[in-house]
Amino acid sequence: MELSTNTLIKGGEFIVKDSSPEDVFTPEDFSEEQVMMKESVQEFIDREIWPNKERFEKKDYEFTKLCMQKAGKLGFLGVSVPESYGGMGMSFVSTMLVCDYISGATGSFSTAFGAHTGIGTMPIVLYGTEEQKQKYVPKLASGEWFGAYCLTEPGAGSDANSGKTKAVLSVDGSHYLISGQKMWISNAGFANVFIVFARIENDKNITGFIVPNDPNNGISFGDEENKLGIHSSSTRQVFFNETKVPVDHMLSERENGFKIAMNALNVGRIKLGVACLDAQRRVINNSVKYANDRVQFNKPISEFGAIKEKIARMATSCYVGESANYRAAHDIELKIKSLRQNGLKNDKAELKGVEEFAIECSIIKVATSEDIQNCADDGIQIFGGMGFSADTPMESAWRDARIGRIYEGTNEINRMLLVGMLFKKSLKGELDLMSAVMRVTSEISEEAYEEKVEIDQILFIEKQKIKNLKKIFLMIAGHAFQKYGQDLDKNQQILIGLSNIMIEIYFSESAILRTIKNNKSGMNVQNQIDMTRLYVFEAVEITLKSSKEIIANIAKGSEQINLIKSIDRLCKYEQLPDIIDLKKRVANKVIAENSYCF
């Protein structure tokens, strides 16, 4: 579905501005071409990956490589690569769609896919010279070559710019000699090309290089890492010992490596988020099928309320996660399109488009990676003792999910980043956050908390609750900034609390907008309404907890009392939704369909 670029919203602006259902993109808006692509990926996963799941768990790295080559022949490795370099040149939403349904494979394969198509290929597409693109990208897009990304070092993880790997210019100025150690390098065991970050002399920032894998050029490897999950994802240390790299293999400009790394992470974060979704769907499907087949006390365990509780929770988080991921993806796509229309080249437009929504990218990475972990945990519990067995898919799903909270910057780092980026946008004048804070502070009164229920509007109460959560965020953020000023970024627990509220606002609002939009299109959305109401109720509870923890630190005496009263009023339901009944209805629908069906 094509939406007008007149509906453009700024990154992070959701916290101070309401969106209309007509302005968001949902999975129900997929075009015919996108549906065909989704089905093609699903068919590939069902044919090539799932029947051979045991081979991935037995660390068959060669099989991972073989499957990647097959994916390349089908065009999946080049979905985001421009057609001029041998790719499919698909839109941002379409590339997200492929990442989504590739995740229905194993964690091993989806990691190999993500590392290659994202951080292994896109830095060259987005930052490379024309010569570099022509030389490397077509072979990476086809699967003839595979890429890897060498950033992390033993002493440089979250602090990526602190790497010690050195690049020394040769006496004749024709090449650099790179020496250093990189670790946790995905695809290292079969990569043909490395994106390597190193420091030249005493530069403040690191520099990126394209380094072909040549064992005769000072490149060696550690053994395959023994990992908790993603067993057949090749993960090794890579050592560079005066590896010769021609000067024309520098990626972008000197000292631009840190910027390349950060922008690659922005793309990686939202792609990682969407890459948790089909993994979630498959966990739900396996869990509900088992629950329908497993009989205890003379009836299927799916009939027990404790099991329905879990199924409802799993389905709800998946529905809301879909809503948030595709909403953000389309906002990015519209921004990219707008920048191109204004004369920016394709690569620059994509960089700027994703960078604009870096806050949303971090939100999605954090929330969806935690949702798949919780979903897999519930899946194990539904399977009971069998869930703990490696003979069932739950055990590997749980292990594979765990890396998501560490990839692309830990969830703790991302939580602090997304709040910091919001304040930075405000200080730069890109978002009028302080005016919103002042407005909310002045308008909060007893009358503001009254909820006028309009019977003919679905989710009216939930919409009001999200407006109130935005007021709470702005009110608390304003008080926190007033107390700590520029030192707020040193108070990590406050940033994490604020981020929890932001995440719940974005995900809740996304679900509300999707459900209302689908209702207007004539769909039967009763179950979607139930899931949305469930999620918003939980979001309010999370906001209450996080808010009170922050208030206890930033306010004392009468100020604290007044803030707590305000928050309690804003979060109060005049009539509580029947949460137990909502969960039963959602679970009953999934149980009846024997799968995730939304």
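Some observations on this one:
- When the test is whether a residue is in a helix (DSSP H, G or I) and over 21 Å from the mean Cα position of the chain (by Cα), residue 28 does not pass it.
- Test: residue 210 is in contact (Cβ under 8 Å) with a residue 60 or more places away in the chain, assigned to a strand (DSSP E or B) and within 27 Å of the chain's Cα centre (by Cα): yes
- Residues within region 149-180 that are buried (at least 18 other Cβ atoms within 10 Å of the Cβ) and in a strand (DSSP E or B), tallied: 8
- Checked against the criterion of being farther than 23 Å from residue 301 by Cα, surrounded by fewer than 21 Cβ atoms within 10 Å (Cβ to Cβ) and at pLDDT 95 or above, the candidates 439, 405, 415 yield just one match: 405.
- Among the residues of region 11-40, the one identified as closer than 11 Å to residue 331 by Cα and modelled with pLDDT under 95 is 23.
- Residues that are among the hydrophobic types (A, V, I, L, M, F, W, C) and assigned to a helix (DSSP H, G or I), drawn from region 301-319: 301, 306, 307, 311, 312, 314, 315, 318
- Yes/no for residue 573 being within 17 Å of residue 467 (Cα to Cα) and aromatic (Phe, Trp, Tyr): yes
- Residue check for residue 152: of a type in the set (S, T, N, Q) and in contact with a Ser or Thr (Cβ under 6 Å, 6 or more places away or on another chain): no
- Checked against (1) of a type in the set (S, T, N, Q); (2) within 22 Å of the chain's Cα centre (by Cα); (3) modelled with pLDDT under 95, residue 482 passes all but a single condition, namely (2).
- Close pairs (7 angstrom Cβ cut-off, 6 or more residues apart or separate chains): in contact (Cβ under 8 Å) with a residue 24 or more places away in the chain in region 486-500, charged (D, E, K, R) and crowded, with 23+ Cβ neighbours inside 10 Å anywhere: 495/415; 496/415; 499/415
- Comparison of 397, 401, 376, 436 shows that the only residue that is of a type outside the set (D, E, K, R) and in contact with a Leu (Cβ under 7 Å, 6 or more places away or on another chain) is 436.
- Inside region 244-297, residues that are of a type in the set (A, V, I, L, M) and closer than 22 Å to residue 159 by Cβ make up a count of 8.
- Matching entry among 244, 204 (being among the basic types (Lys, Arg), over 19 Å from residue 149 (Cβ atoms), surrounded by fewer than 19 Cβ atoms within 10 Å (Cβ to Cβ) and out of contact with any strand residue (DSSP E or B) (no Cβ under 8 Å at 6 or more places or on another chain)): 204
- Enumeration of residues in region 368-394 that are within 27 Å of residue 414 (Cα to Cα) and either over 18 Å from the mean Cα position of the chain (by Cα) or surrounded by fewer than 24 Cβ atoms within 10 Å (Cβ to Cβ) (or both): 370, 373, 374, 377, 378, 379
- Residue satisfying condition, being in contact with an Asp or Glu (Cβ under 9 Å, 6 or more places away or on another chain), hydrophobic (A, V, I, L, M, F, W, C) and closer than 24 Å to residue 50 by Cβ, within set 112, 71: 71
- Within region 485-515, restricting attention to residues that are on the phi < 0 side of the Ramachandran plot and over 26 Å from the mean Cα position of the chain (by Cα), the residue that is modelled with the lowest pLDDT is 486.
- In this structure, residue 133 does not qualify as more than 29 Å from residue 256 (Cβ to Cβ), modelled with pLDDT of 95 or more and among the charged types (D, E, K, R).
- Any hit, region 243-254, residues being among the acidic types (Asp, Glu) and closer than 30 Å to residue 60 by Cα: no
The values are calculated or read from the model by the stated rules, or taken from the named source; none is laboratory data. All figures in this text were calculated on a predicted structure; none of them were measured in a lab. So basically every Cβ, Gly included, is an ideal-geometry build from the backbone, and we count neighbours across all protein chains shown.
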